[in-house]
1. Which numbered condition in (1) over 23 Å from B:Ala86 (Cα atoms); (2) crowded, with 22+ Cβ neighbours inside 10 Å; (3) out of contact with any Cys (no Cβ under 8 Å at 6 or more places or on another chain) is the only one that B:Val38 fails?
2. From the list B:Arg13, B:Arg23, B:Arg17, B:Arg34, pick out the single residue that is without any contact (Cβ under 8 Å) to a residue 40 or more places away in the chain and of a type in the set (Lys, Arg).
3. Pick out, from region A:206-300, the helices (runs of 4 or more DSSP H) lying fully within it that include 2 or more residues that are modelled with pLDDT of 65 or more, out of contact with any helix residue (DSSP H, G or I) (no Cβ under 8 Å at 6 or more places or on another chain) and closer than 22 Å to A:Thr107 by Cα.
4. Can you find even one residue in region B:43-57 that is surrounded by 21 or more Cβ atoms within 10 Å (Cβ to Cβ), over 15 Å from the mean Cα position of the chain (by Cα), away from chain A (no Cβ under 14 Å) and at pLDDT below 90?
5. Given the structure, is B:Tyr216 at pLDDT 90 or above, more than 14 Å from chain A (Cβ to nearest Cβ) and more than 26 Å from A:Met1 (Cβ to Cβ)?
6. Looking at region B:59-78 only, could you name the residues that are assigned to a helix (DSSP H, G or I) and either more than 14 Å from chain A (Cβ to nearest Cβ) or closer than 16 Å to B:Lys7 by Cα (or both)?
7. Answer yes or no: is there a residue in region A:443-453 that is assigned to a loop (DSSP other than H, G, I, E, B), β-branched (Val, Ile, Thr), crowded, with 16+ Cβ neighbours inside 10 Å and away from chain B (no Cβ under 14 Å).
Amino acid sequence: MTIRDVIDIGLGNMWRMKLRTSLTLLGVVIAIGAFVSMLSLGAGMQKNVSEQFDKLGLLFTIQVSQKHQEEGGDTTKSPSLNDSVLTKMMNLPGVQLVYPFEDYQVTVSFDDTVFNTKAQALAVNALETKLFSTMQAGIPFDSDSAKQAVVTDEFIDSLKITEPDSAIGQKLIISVKVATIDSALIHIFMKDGKFLWDRLKGIRFDSLFYREYRSRVVRREFGDAVGRFIDGYLNARTTVSDTLTIVGVLNETRQRFRVQPIILPLATGERFSAAGFSGDMTDLIGALSSGQLFQSSASPTSKSYSRVTIDLKRGYSHKPVVDSIRAMGFRAFSYAEDFEEITKFFTYFDLGLGVIGLIALFVSSLGIVNTMMMSITERRREIGVLKSLGAYEREIKLMFLVESALIGSIGSVFGILLGWGISRVASAVSKIIMIKQGVDPIEVFALPWWLIAVALLLGLTVSLIAGYYPSSRAARLDPVESLRYE
Amino acid sequence: MSSSFLKTTQVCRIYTRGPQEIRAVSDVSLEIKRGEFVGIIGSSGSGKSTLLNLLAGLDQPTSGTIDFNGTDLASLSRPKLAQYRANNVGMIFQTFNLLPHRTAIENVELALYFTQIPRKKRRQSAKQTLEMLNLGDRLDHRPNALSGGEQQRVAIARALVKQPDIIFADEPTGNLDKVNAGQIAEILKRLNNDGLTIVLVTHDEHLTSKYAHRIYRMDFGSVVDQRSTEDMK
């Protein structure tokens with residue numbers, strides 16, 4: 001008996017018992033459909049996340065920053081993130097590029113509009129990494145010292161430019177108010193047009209012999225001097241300006257990864273940052289505590305960055321690089337580590353959904369058992385005839401197993417189609433909801449090949465398990481009794 | 001007629017129903033020669049059908065031996081017994097036992113599923129056998145579209161198509177009218193004349209005395225009488 005004979009017999013029998021077979025098939029179809037549609041949700045979400053990670057090159061990106069003191073019980077303070085450290089990082093195996101992340105508050109003048117926003121400086125090769133490379137329009141800078149800027153599409157919205165292409169070639173005047181130590185020191189001596197000695201006039205020098213008065217005056221004047229210093233540092237800033245041409249418009253998704261609205265070439269940007277601090281209070285405190293405040297910020301060896309981004313070579317694992325950087329005493333954040341956690345979450349998520357699908361499949365398998373048992377009872381005489389004709393027990397067993405497998409596989413195929421249909425409908429509905437809520441619609445369902453294979457394999461396995469007992473029973477039937485069966 | 005090729009020695013078949021033992025066949029020793037037409041007669045419940053099932057390899061004896069060409073069927077494994085049924089035995093039943101959802105030719109072809117005959121040749125052999133039994137115009141008819149006599153002829157074709165060594169017929173005329181019964185008996189006789197060994201179980205003594213070379217009479221599971229038609233003449 002060939003396998004084709006067995007399949008022919010199985011199909012013939014299923015065709016003969018159309019209604020019963022259809023009902024059993026329906027059970028399998030619904031179960032596999034539920035399994036597929038549920039897992040396609042998990043697969044779709046996972047696909048979205050991994051595509052986003054991959055699109056942005058996040059799996060090859062490591063963010064490095066200084067450790068804050070006593071962070072996580074670790075009392076050691078990170079060394080300064082300066083250029084020599086960056087060179088060390090650059091020499092680590094697997095590192096493609098190391099570039100600092102620095103941002104500053106800038107004032108933008110465009111036509112008659114003036115507004116404040118944030119800018120960052122970036123080397124041309126950094127702009128070519130995956131994190132930045134998807135441009136809606138234009139190209140990256142010509143050079144690190146070009147008077148050019150790359151902006152985000154959200155930024156051009158604020159310029160009232162609707163098409164990214166029309167932003168290319170537009171001129172922006174970027175101004176940075178920078179605070180210097182000079183202005184802060186001068187402020188101690190002169191504030192609001194009043195010199196220090198004008199204030200000193202108010203002191204009754206003859207009363208300085210009295211201890212209480214003397215300490216009150218010292219406390220007041222010292223406090224006042226500190227106040228003037230900070231005030232001078234923060235407010236009495238000088239302005240550095242440049243006219244830059246927009247050469248590229250970045251995709252807005254970059255916004256989610258702390259890309260600032262304006263990106264300047266590295267050397268051009270340094271002009272702003274080298275002039276002094278951005279005026280941010282935390283920067284001032286940081287500079288005071290690190291002792292950098294009174295150093296020349298223009299000195300390249302002493303220049304310290306708050307954050308550095310590492311772009312890895314493709315095919316290299318993030319782990320050794322992250323470990324080396326942590327060993328250097330820095331905080332390293334790898335998106336790949338995050339991605340591993342997300343993948344773990346999705347595995348559990350898929351497992352949960354899969355279990356629900358499996359329960360449905362278990363119920364449908366009871367239907368298969370029932371159908372096969374009924375079929376055996378009805379075909380008992382046929383089994384007797386086949387045995388009298390010389391059928392082996394294993395052939396009888398195979399006949400019923402194949403029939404069961406056919407129910408499983410046909411049910412799986414239609415179940416996959418049903419699951420796909422359900423996911424399409426759910427996807428369309430979810431997209432409508434997303435659009436209504438002002439969110440960019442994304443595909444939340446996916447039907448990868450592995451899911452189709454798993455569903456087919458599962459349908460087949462469950463049907464074979466379900467058919468095993470009935471087929472064994474059929475094989476063991478006594479031919480004489482079967483031939484007598486009415 | 002040549003030497004015996006199916007021989008039973010002290011064959012017993014005992015069924016156990018709870019505490020009760022039923023001796024369906026008791027100490028039967030008989031001999032069937034190649035090319036012989038053997039009749040087994042007896043009243044209902046005499047054990048003749050049980051004996052036939054044992055000889056056809058559908059059942060195995062509780063004790064005793066059934067020797068077929070030097071092989072003891074009683075000691076064969078179930079797969080070997082199935083092989084014996086597939087290659088050496090053709091069976092004809094009182095109730096025809098045709099599969100109702102299959103056509104005449106498909107029913108006949110079914111017997112070849114368990115032989116080594118290639119798929120392509122099966123249909124051709126089935127068609128030739130049915131034509132030989134004057135059923136050439138009934139190939140695609142299902143059993144319910146055939147008369148009782150035609151159904152039994154399809155059953156004979158199914159038994160014949162694999163060219164067995166021996167045909168066991170269990171009351172083949174039991175469900176047929178006199179005319180059809182006569183036709184079936186004639187077919188069996190013709191096949192026997194062509195050299196095929198036939199074992200016919202029936203309660204119709206007239207049939208066996210007309211066609212069989214040797215007749216075994218059974219009662220209460222035992223062979224109570226044995227004679228050849230030569231003796232009767």
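1. (1)
2. Values: B:Arg13 fails: without any contact (Cβ under 8 Å) to a residue 40 or more places away in the chain; B:Arg23 fails: without any contact (Cβ under 8 Å) to a residue 40 or more places away in the chain; B:Arg34 fails: without any contact (Cβ under 8 Å) to a residue 40 or more places away in the chain.
Only one candidate passes the filter, namely B:Arg17.
3. A:266-274
4. Within region B:43-57, one or more residues are surrounded by 21 or more Cβ atoms within 10 Å (Cβ to Cβ), over 15 Å from the mean Cα position of the chain (by Cα), away from chain A (no Cβ under 14 Å) and at pLDDT below 90.
5. Taking the combined requirement at face value, the residue satisfies it.
6. B:Leu73, B:Ala74, B:Ser75
7. Looking through region A:443-453, at least one residue is assigned to a loop (DSSP other than H, G, I, E, B), β-branched (Val, Ile, Thr), crowded, with 16+ Cβ neighbours inside 10 Å and away from chain B (no Cβ under 14 Å).
This table checks each residue for (1) assigned to a strand (DSSP E or B); (2) without any contact (Cβ under 8 Å) to a residue 40 or more places away in the chain.
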| site | (1), (2) |
| --- | --- |
| A:Val322 | no, no |
| A:Phe333 | yes, no |
| A:Phe345 | no, yes |
| A:Phe349 | no, no |
| A:Gly357 | no, no |
| A:Ser364 | no, no |
| A:Val369 | no, no |
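The values are calculated or read from the model by the stated rules, or taken from the named source; none is laboratory data. Keep in mind the model is a prediction, meaning the values are calculated, not measured. Every residue, glycine among them, receives a Cβ derived from its backbone with ideal geometry; neighbour counts consider all protein chains shown.
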